[in-house]
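Below is one structure, written out as structure tokens, with a few remarks after it.
The values are calculated or read from the model by the stated rules, or taken from the named source; none is laboratory data. Worth saying up front: this structure is predicted, and the values here are computed from it rather than measured. Virtual Cβ from ideal backbone geometry, glycine too; neighbours counted across all protein chains shown.
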There are 2 protein chains.
Amino acid sequence: MKKNVERHLTLRERILETIRDAIMSGALKPGEKVAEPELAARFGISRTPIREAFRQLESEGYLTVIPRKGALVASFSAKDVEEFYAIKSILEGYAARKACSRLSSREINKLEGINEKLREIAEEGDVRHFFKVHNNFHDLFIRGADNEKLHDMIEALLKKFQRLRLASLSKPGRMLISVEEHEKIIEAFRSRDAVLAEMLVQKNAEYGGKVLIEEECTVASPNHYPDTDL
Amino acid sequence: MKKNVERHLTLRERILETIRDAIMSGALKPGEKVAEPELAARFGISRTPIREAFRQLESEGYLTVIPRKGALVASFSAKDVEEFYAIKSILEGYAARKACSRLSSREINKLEGINEKLREIAEEGDVRHFFKVHNNFHDLFIRGADNEKLHDMIEALLKKFQRLRLASLSKPGRMLISVEEHEKIIEAFRSRDAVLAEMLVQKNAEYGGKVLIEEECTVASPNHYPDTDL
DNA sequence: ATCGTGGATACTGTATACAATACAGCCGCA
DNA sequence: TGCGGCTGTATTGTATACAGTATCCACGAT
């Protein structure tokens, strides 16, 4: 049945995912040129679906297209990183504030459960797994703000900077710190302290950014993680 | 020489603007179907550039594309409006807070000048002109936050909901109220009171939304469709 | 040797042709 | 009369062909 759904996926949609994943995973490196004929040949399809995917990737900020020259994988500067974390901080902070009064205690318990799991994973040291579950944690309370547009915006933003966030979490000790911070956030949710929750989430985001900006050079270099679908 | 630059605009880019304008101006109404062959015939070009523009418009949220069925002009629900103004409020508020310490007194004077002009236009009652200059006002202090990504996000958001904001400003008395609020915001900038500036800008945005939502629920739904076409 | 010019090449931009699918309308049947 | 299936048409999805332009390299002039 799932196959049926896949049958209805257009080539463009599949290629879009493929290229986006390649960019996020680092298989396509920032600044690198992406040529249509090459991709077309590689995937055994025509240029048409690829071109259409390019347009979408351009809008999403993954590609920089120069007319009559071609497409380059977008690369971030230190300022981009700074700006990204600033925005993430405000948006997630707001989501936390709103969610504070809306989350059911069952949902808060679920957050607690996720964080328990995160602690285990952190001790094992599996960054990629941690990252995945970590995203579930944030997703849960962001949905709690009951603002779909906000959720989509944050999701798109995070996706685009996925590699950066992974790098941030990879810093030694970062995972456990994250777990501790989550603990405090959950506590704030439980006591329905919206202002505190907002503040904690903001600090959490800012800290993630600060860690990265200090080691700006590592950020710029292509990552060395194997390709998997996160 | 300017001609040269224009010659380098691709068909896709021009069509993109054209369709986007048509949607924003209401020439293409929310929910309406947009057929590729029709547009191709109307503009005397092939479907290719149109399809590519569609992909971009889809990413930007102007179109809803259903595979193998076609493209519909996106329409907003009451919840969309609510969510939009909530996000606008946080982002602009943050921008104001940041801008507060960065704006030069010359820039603050410029804001004052723009607001003077707005007062004149408000008294004349030219809503569209007011809207244009009004945008300059906001643009100026948002740039003052020195966060380009934030600026781009706000700009994209505002553009998408342009018609709504125009409707909001068209409410009787709204323009003058806006001028008064700007006055207070300028005052906050002058005294470098970041918290106040943030609060005022947030209230300003929220008020703009409230005006619309009230109208929408009471007046503007003779057709009780969930989606309004404002 | 360096710079400029010219052409070859490869890529992007656009048009058109073809394939697959959705939809409407019609016909036949109960 | 109402329902179901079929067929024709229109529209979307994909491939291919063609045109225009940028890039690279070789060659010749200064």
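Examine region A:75-91 for a residue that is more than 12 Å from every other protein chain (Cβ to nearest Cβ), of a type outside the set (Val, Ile, Thr) and touching a Pro at 6+ places or on another chain (Cβ under 8 Å), and state whether such a residue exists.
Step one: of region A:75-91, the residues more than 12 Å from every other protein chain (Cβ to nearest Cβ) are A:75, A:78.
Within this subset, residues satisfying the condition of being of a type outside the set (Val, Ile, Thr) are A:75, A:78.
Still in the list and also touching a Pro at 6+ places or on another chain (Cβ under 8 Å): A:75.
Among the residues of region A:75-91, at least one is more than 12 Å from every other protein chain (Cβ to nearest Cβ), of a type outside the set (Val, Ile, Thr) and touching a Pro at 6+ places or on another chain (Cβ under 8 Å), which makes the answer yes.
Consider residue B:27 against the criteria (1) more than 9 Å from chain A (Cβ to nearest Cβ); (2) within 16 Å of DNA strand D (Cβ to nearest atom); (3) more than 21 Å from residue A:149 (Cβ to Cβ): it satisfies all of them except one. Which criterion is unmet?
Status for residue B:27: all satisfied but (2).
Confirm whether residue A:178 is at pLDDT 95 or above and either away from every other protein chain (no Cβ under 14 Å) or within 18 Å of the chain's Cα centre (by Cα) (or both). It would help to see each step written out before you state the result.
On the way: at pLDDT 95 or above: yes; either away from every other protein chain (no Cβ under 14 Å) or within 18 Å of the chain's Cα centre (by Cα) (or both): yes.
Yes: the conditions hold for residue A:178.
Failed condition for residue B:46, given (1) within 16 Å of DNA strand D (Cβ to nearest atom); (2) of a type in the set (Ser, Thr, Tyr); (3) more than 15 Å from residue A:149 (Cα to Cα); (4) facing another protein chain (nearest Cβ under 9 Å), with all others met?
Condition not satisfied by residue B:46: (4).
Each row is one residue, and each column tells you yes or no for (1) within 14 Å of another protein chain (Cβ to nearest Cβ); (2) at negative phi; (3) touching a residue at least 60 places away in the same chain (Cβ under 8 Å).
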| residue | (1), (2), (3) |
| --- | --- |
| B:112 | no, yes, yes |
| B:115 | no, yes, yes |
| B:120 | no, yes, no |
| B:123 | no, yes, no |
| B:132 | no, yes, no |
| B:140 | no, yes, no |
| B:143 | yes, yes, no |
| B:146 | yes, no, no |
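I want to confirm something. Restricting to region A:141-178 and keeping residues that are buried (at least 21 other Cβ atoms within 10 Å of the Cβ) and β-branched (Val, Ile, Thr), which single residue is nearest to residue A:27 (Cα to Cα)?
The selected residue is A:154.
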